[in-house]
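Novice: I am attaching a structure below and will ask some questions about it afterwards.
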Amino acid sequence: MSDDSFKDSALRYHSDPVPGKLAIRPTKPLANNRDLSRAYSPGVAFACEEIASDPRQAANLTARGNLVAVISNGTAVLGLGNIGPLAAKPVMEGKAVLFKKFADIDVFDIEINETDVDKLVDIIASLEPTFGGINLEDIKAPECFLVERKLTEIMNIPVFHDDQHGTAIVAAAAVYNGLRLVNKSFEEIKLVASGAGAASIACVELLLSMGVKKENVRMLDRNGVIYQGREAGMNPWKEKFAVETDDRTIEDAIVDADLFLGLSGPGVLNAEMVKTMARDPLILAMSNPIPEIMPEDAKAARPDAILATGRSDYPNQVNNVLCFPFIFRGALDCGATHINDAMKRAAVKAIANLAMREVSEAVAKAYIDEELKFGREYLIPKPFDPRLIEEVPLAVVKAAMESGAATRPIEDLEAYRHKLSDYVNSSRLFMQPNINVAKKHPAKIVYAEGENDDVLLSMQAIVDEGVARPILIGRQNVIEEKMQAMGLRLEPGKDFTVFNAEQADLHDRYWQHYHQSVGRSGVAADAARSAVLNNSTILAAAMVSLGEADGMVCGKVGRFDTHLRDIRPIIRSTNTEGRLSSICVLLLDDGPLFLADPFVNVNPDEDGIVDIAKDAIHFVQQGFDIEPVVALVSHSNFGTYEDESALKMKRAADRLRNELPDVQIDGEMHALTALNQDLRDSVFEGANIKGRANVLIMPNMDAASITLGMLRSFTNGRLIGPFLNGMEKPAHILIPSVSGRGILNLTALMSADIVRRAQQKR
């Protein structure tokens, strides 16, 4: 991927369909005068009076208890330096998105045009009535130390500088497990820290609180070892780490070191230095994008070395997203006044202990071909480990309560754990596990409408992500002209393959194979040859059937049923009845919603409903490792009607519960009843599903299609699919409204499905 191409893509991401990455929406209805009178005057006065008499009620009556300010003055933005608060805004919006996605925390990003420490502190401190916590971001050192310290002293809400403490917590988790692995203790190790900025100092301070002895620490900056009596480049924060030593250079300091902590720059550590370290050295080379030493160079010098970096393409990535959403989640939930060392250490141990446990099936599927077993290449969990949201906030809450930082102690911690688990499906980056699988083994996917604009636009992302090896059916000159006009920097033959359908007659095997499939249906040889030449869907299906492609995508042009009719004789179904079904996923604010069957079965009978539901359950379990909560929906609500359609759904639900006793399934019920636990309990308290249903099985195509269309129109839900269930080989039919991004998601899902099919055959 060229730099220009990625730049264009990133800019479009920020600008379309609306500028920026955040929006504000109300959480309460405002549909009539009664709503207005409760939302504002006079009803709002009651909430004001409650808070005035008891300030803790603000967490119950306003958004404050789930609201964090991400604040920067733009003086140290990523690797861009002092670019100012306005230019820092995209970064702060990005941080806000991570808070929301990983821990369902709302954020206002606040960029402040002020560099004077005292004035900045005054501005931020004045915001305390608005927020439940403050996340400081991209403020240069040493000012960041002063700002955080002063705010912590005067504010009664958590103040957290992620550049410092987020890095420190995740790095400390890696160290904690690294020392476990090699049977060393914090108290005995020698630590060399390259870098004396905010992150490095925070890392060392946290490690000191965990038992590392100050006299065993050597901190270095650009002037070398920080030792007692040194004058050059010193400040009060560096003075804390000045020790009596004859070491002056990193070459001196690194001898017999057990731990190297790198937060400085590339090439600081070399192989010869690594050779002088103690047995089983632990090296955290966290400079990005180029670490202090490349892992392969360190391992070549010392095969017993354990490596961690800040990069995702090496094991043991030290990624702040493992920490900051979850430590804030816990701090907000218990009303913590600050984030103290006990809470940080609790987060360290919770993160570290997850790596000691056997990974869940969800994590294993997301990181296929990686051995996620505690060891030298798996010291800390992966960012998409769903257990982080359950374990880290819980540990933080316990530590906050034990240390006296919690103003709203949580009595029922088990219930709290269950609440945390609800975030898993709704708040994670839904498609990333499948993208991870697809990237490991990109499948060969043929796109029947290779000249379509949306298909071509999707190619840039598909190639950039590496989720497939595309084959485009179309004319190469047309494809190249369109790509040039769109500004796409892809090369046919290198990034993808072009197959000219007009030349399909040069490959007799395609029409001959098609003729073998349909010849007994009255299709003559000449007709079969013509069909392959003129119908790219038939050609794509033949390529898949012959094994020249692993899967296919069509449907951007034409009718769904026509494409399905063309595919079915060539790619058979997996069941003797020849039954297929479709399912779509809508990514809604409160989590994914799976809908079946909007495109294949017009009016399925009871047996059909049962098969559709089984296909949907398998898709949800295998594709996303989500526990399906299945509702068979109807105009009838637990027996309010007894017509054939209602009875069909009721009988199907009964059969499914008997056949799949471990799956939450019930019906027949209204869609609203399926999606609302309280309403469902008022109708029928003994329902076999808990919480919000995430799989809706519709009684017919009318209901499914109408529901899908209305949900897409009235929500900001993103569509993934349709996904065809029941084909021997993956063949999927888009609908014309699917965007290039939707094609990317379907491609990743299909590639991951192909990998899993291959594994099941072994």
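Novice: Quote to one decimal, in nm, the extra length available between residue 296 and residue 523 on full extension: 0.36 nm per residue of separation minus the C-alpha distance between them. If you can, show how the numbers build up before the last one.
Specialist: Numbers: separation 227, 0.36 × 227 = 81.72 nm, distance 6.00 nm.
Between residue 296 and residue 523, full extension yields 75.7 nm more.
Novice: Work out the FRET efficiency for residue 757 and residue 658 from their Cβ-Cβ distance, taking R0 = 30 Å, and round it to the nearest 0.05. Write down the numbers at each step before the final one.
Specialist: Numbers: r = 28 Å, r/R0 = 0.94.
With a Förster radius of 30 Å, E is 0.60.
Novice: For the residue pair residue 373 and residue 288, what label-to-label distance in nm results when each label sits 7 Å from Cα along the Cα-to-beta-carbon direction?
Specialist: Placing both labels 7 Å along Cα→Cβ, they lie 3.0 nm apart.
Novice: Run the simple label-point estimate for residue 37 and residue 418 please: 7 Å along Cα→C-beta, distance reported in nm.
Specialist: Between residue 37 and residue 418, the simple spin-label model gives 3.8 nm.
Novice: Another one. If you line up the Cα atoms of the range 579-667 on their principal axes, what length do they span on each, largest first, in Å?
Specialist: Largest first, the range 579-667 extends 35, 27, 27 Å along its Cα principal axes.
Novice: Taking the Cα centre of each part, how many Å lie between the range 660-682 and the range 227-268?
Specialist: 62
Novice: When only alpha-carbon atoms are used, what values of Rg and Dmax, in angstrom, describe the range 3-157?
Specialist: Both quantities, over Cα of the range 3-157: 18.4, 58 Å.
Novice: For the range 88-226, divide the Cα radius of gyration by the Kirkwood radius and give the resulting Rg/Rh value with two decimals. Spell out each step's value before the answer.
Specialist: Numbers: Rg = 17.1 Å, Rh = 16.8 Å.
Over the Cα atoms of the range 88-226, Rg/Rh equals 1.02.
Novice: Let me ask you something else. Using DSSP H assignments, which helices in the chain have an axial alpha-carbon span of 20 Å or above and a mean Kyte-Doolittle hydropathy of -1.0 or higher? Let's see the in-between values first.
Specialist: Working: long enough: 85-103 (26 Å, 0.42); 162-182 (29 Å, 0.44); 341-356 (23 Å, 0.49); 388-403 (22 Å, 0.95); 606-624 (27 Å, 0.12); 644-659 (22 Å, -1.33); 740-761 (32 Å, -0.08).
Taking the DSSP H segments of the chain (at least 20 Å long, mean hydropathy at least -1.0), we get 85-103, 162-182, 341-356, 388-403, 606-624, 740-761.
Novice: To continue, here is another question. Assuming R0 = 51 Å, what is the FRET efficiency of residue 52 and residue 546, from their Cβ-Cβ distance, to the nearest 0.05? Provide the component values of the computation, followed by the final result.
Specialist: Values: r = 75 Å, r/R0 = 1.47.
E(calc), rounded to 0.05, equals 0.10.
Novice: Oh, and also: Extension gain residue 275-residue 705, at 0.36 nm per residue separation less the Cα-Cα distance, in nm? Mind showing how you got there, number by number?
Specialist: On the way: separation 430, 0.36 × 430 = 154.80 nm, distance 6.53 nm.
In short, 148.3 nm is gained.
Novice: Between residue 154 and residue 222, what FRET efficiency comes out of the Förster formula 1/(1 + (r/R0)^6) with R0 = 35 Å and r the beta carbon distance, rounded to 0.05?
Specialist: Values: r = 34 Å, r/R0 = 0.96.
Rounded to the nearest 0.05, the efficiency is 0.55.
Novice: Among 67, 645, 176, which residue has its Cα furthest toward the positive end of the charge dipole of the chain, with +1 on Lys/Arg Cβ and -1 on Asp/Glu Cβ?
Specialist: It is 645.
Novice: While we're looking at this one, here's another question. Once you charge only the Cβ atoms, +1 for Lys and Arg and -1 for Asp and Glu, what is the size of the charge dipole of the chain about its Cα centre, to the nearest 20 debye?
Specialist: On the way: 82 positive and 105 negative charges, 155 e Å.
About 740 debye.
Novice: Which of the residue pairs 140/419; 7/761; 21/344; 184/382; 439/650; 184/344 have a Cα-Cα distance greater than 31 Å in the structure shown? If you can, show how the numbers build up before the last one.
Specialist: On the way: 140/419 37 Å; 7/761 41 Å; 21/344 29 Å; 184/382 24 Å; 439/650 42 Å; 184/344 21 Å.
Over 31 Å Cα-Cα: 140/419; 7/761; 439/650.
Novice: Which residues among the range 130-145 fall inside the zone where the amide N is under 15 Å from a point 7 Å beyond the Cα of residue 407, along Cα→Cβ?
Specialist: Of the residues in the range 130-145, 130-134 have backbone N under 15 Å from the label point off residue 407.
Novice: If I model a spin label as a point 7 Å beyond the Cα along the Cα-Cβ vector, how far apart are those points for residue 246 and residue 180 in nm?
Specialist: The answer from the label model is 3.9 nm.
Novice: Moving on to the next point. Given the Cα-Cα distance of residue 357 and residue 573 and 0.36 nm per residue of separation, how much length would full extension add, in nm?
Specialist: Numbers: separation 216, 0.36 × 216 = 77.76 nm, distance 3.98 nm.
This chain segment gains 73.8 nm when fully extended.
FYI, it's all coordinate maths here, none of it is from the lab. Given the structure is predicted, the values throughout are model-derived calculations rather than measurements. Cβ atoms come from the backbone with ideal geometry, glycine included; neighbour counts cover every protein chain shown.
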